[in-house]
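Inspection log for the structure reproduced underneath, given as structure tokens.
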Amino acid sequence: MNGNAQRPLRGVLFDIDGVLVDSKVAIRTAIIDTFRAFGYDPPTDESVDALYWATDRMIFEELLPQGTPHRVGLVERMVAFELDLYENKLSRDLVTVGESVISTLKELKRRGLRLGVVTNNLRRTAMKILSDFGLLDLFACVVAADDVSETKPSPKPLIEACLRLGVNASDAAYVGDSYSDAVAGRMAGLVTILLTRQREFDGEIAPDYWITDLKDLLRLPISAQQ
């Protein structure tokens with residue numbers, strides 16, 4: 001366990017999908033519908049869910065058949081189509097925010113912690129989701145996929161977010177829900193917390209804490225009153 005996991009910290013960073021909002025069904029539906037719209041056999045639910053941690057571009061690059069003509073340009077068009085579908089239709093109908101999210105974030109701020117977001121979503125998507133659900137004003141910074149040269153599992157987005165928050169990585173925690181988040185948090189030197197009901201990871205990438213609801217953060221020593 002990270003030695004800093006037993007003391008109060010100064011900042012907490014959050015992933016969006018799977019942590020602040022439940023968007024898995026909306027993302028999966030947008031990707032599958034995009035494949036259909038472009039005339040390709042849709043991927044299975046399982047193959048899309050396995051790439052839940054990845055950027056939109058990475059997902060299409062992985063799932064498009066090898067040898068597809070004009071692959072690079074096609075990926076860009078599919079990403080644009082999928083984002084438009086997700087942002088303008090599916091996010092309104094299929095994305096939900098947990099009951100404890102806003103109250104937990106407000107309590108963490110009351111205790112003196114600075115809050116930020118690190119996501120593999122593009123900035124336009126991240127800002128729309130945070131704004132639509134009344135979350136944006138709770139965060140001092142948002143670092144999205146197009147703000148940095150590398151996305152998670154690289155530690156660079158988390159390090160950038162700490163710089164923007166004005167806290168050292170050793171004084172911050174990252175709350176995610178995936179393998180990508182666990183690796184990024186550990187490599188960046190943050191206290192790493194996974195929000196999941198399945199403890200799928202072990203060994204070198206095991207998080208410092210497992211939680212099953214965001215409000216569980218309030219019971220951890222890292223979020224004690226400043």
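Residue-by-condition table, conditions (1) part of a loop (DSSP other than H, G, I, E, B); (2) under 25 Å from Asp147 (Cα atoms); (3) not polar (S, T, N, Q):
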residue	(1), (2), (3)
Ile59	no, yes, yes
Phe81	no, yes, yes
Ser91	no, yes, no
Val117	no, yes, yes
Asn121	yes, yes, no
Thr125	no, yes, no
**Extreme residue, nearest to Asn88 (Cα to Cα), among residues of region 31-64 that are in contact with a Leu (Cβ under 9 Å, 6 or more places away or on another chain) and among the hydroxyl-bearing types (Ser, Thr, Tyr)** = Thr34
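Take Ala182 and tell me if it is of a type outside the set (Ser, Thr, Tyr), crowded, with 22+ Cβ neighbours inside 10 Å and within 17 Å of the chain's Cα centre (by Cα). Before the answer, list the steps.
Numbers: of a type outside the set (Ser, Thr, Tyr): yes; crowded, with 22+ Cβ neighbours inside 10 Å: yes; within 17 Å of the chain's Cα centre (by Cα): yes.
Answer is yes for this residue.
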**Hey, Val79 buried (at least 18 other Cβ atoms within 10 Å of the Cβ), modelled with pLDDT of 95 or more, of a type in the set (A, V, I, L, M, F, W, C) and closer than 30 Å to Leu115 by Cα or not** = no
**Prompt:** Which members of region 140-188 meet the condition of being without any contact (Cβ under 8 Å) to a residue 40 or more places away in the chain, of a type in the set (Gly, Ala, Ser) and in a loop (DSSP other than H, G, I, E, B)?
**Reply:** Ala140, Ala144, Ser149, Ser154
**Message:** Quick test for you: out of Leu64, Leu122, pick the one residue that is in contact (Cβ under 8 Å) with a residue 24 or more places away in the chain and out of contact with any Phe, Trp or Tyr (no Cβ under 9 Å at 6 or more places or on another chain).
**Reply:** Leu122
**Message:** Scan region 127-134 and tell me whether some residue there is free of Cβ contacts under 8 Å to residues at least 40 places away in the same chain and part of a loop (DSSP other than H, G, I, E, B).
**Reply:** yes
**Message:** part of a loop (DSSP other than H, G, I, E, B) and of a type in the set (Val, Ile, Thr): is that true of Val19 in this structure?
**Reply:** yes
**Message:** Of all residues being at pLDDT below 90 and surrounded by 15 or more Cβ atoms within 10 Å (Cβ to Cβ) in region 90-119, which is farthest from Val79 (Cα to Cα)? Just the residue, please.
**Reply:** Gly98
**Residues (among the acidic types (Asp, Glu) and either buried (at least 20 other Cβ atoms within 10 Å of the Cβ) or closer than 29 Å to Glu107 by Cβ (or both)) located in region 133-158** = Asp137, Asp147
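Okay, residues lined up against (1) of a type in the set (A, V, I, L, M, F, W, C); (2) under 21 Å from the mean Cα position of the chain (by Cα); (3) buried (at least 23 other Cβ atoms within 10 Å of the Cβ):
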{"position": "Val25", "(1), (2), (3)": "yes, yes, no"}
{"position": "Ala30", "(1), (2), (3)": "yes, yes, yes"}
{"position": "Thr34", "(1), (2), (3)": "no, no, yes"}
{"position": "Asp41", "(1), (2), (3)": "no, no, no"}
**Fill in**
Residue set Ile193, Ile222; condition surrounded by 21 or more Cβ atoms within 10 Å (Cβ to Cβ), of a type in the set (A, V, I, L, M, F, W, C) and modelled with pLDDT under 95; output residue Ile222
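So that you can scan it fast, the table gives a plain yes or no per residue for (1) in contact (Cβ under 8 Å) with a residue 24 or more places away in the chain; (2) in the same structural domain as Asn168 (by TED's automatic domain parsing); (3) part of a helix (DSSP H, G or I); (4) not small (Gly, Ala, Ser):
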residue	(1), (2), (3), (4)
Leu13	yes, yes, no, yes
Thr34	yes, no, yes, yes
Gly39	no, no, no, no
Glu46	no, no, yes, yes
Trp53	yes, no, no, yes
Glu76	no, no, yes, yes
Tyr86	yes, no, yes, yes
Ile102	yes, yes, yes, yes
Glu107	yes, yes, yes, yes
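The values are calculated or read from the model by the stated rules, or taken from the named source; none is laboratory data. Quick caveat: nothing in here was measured; it's all calculated off a predicted structure. Every residue, glycine among them, receives a Cβ derived from its backbone with ideal geometry; neighbour counts consider all protein chains shown.
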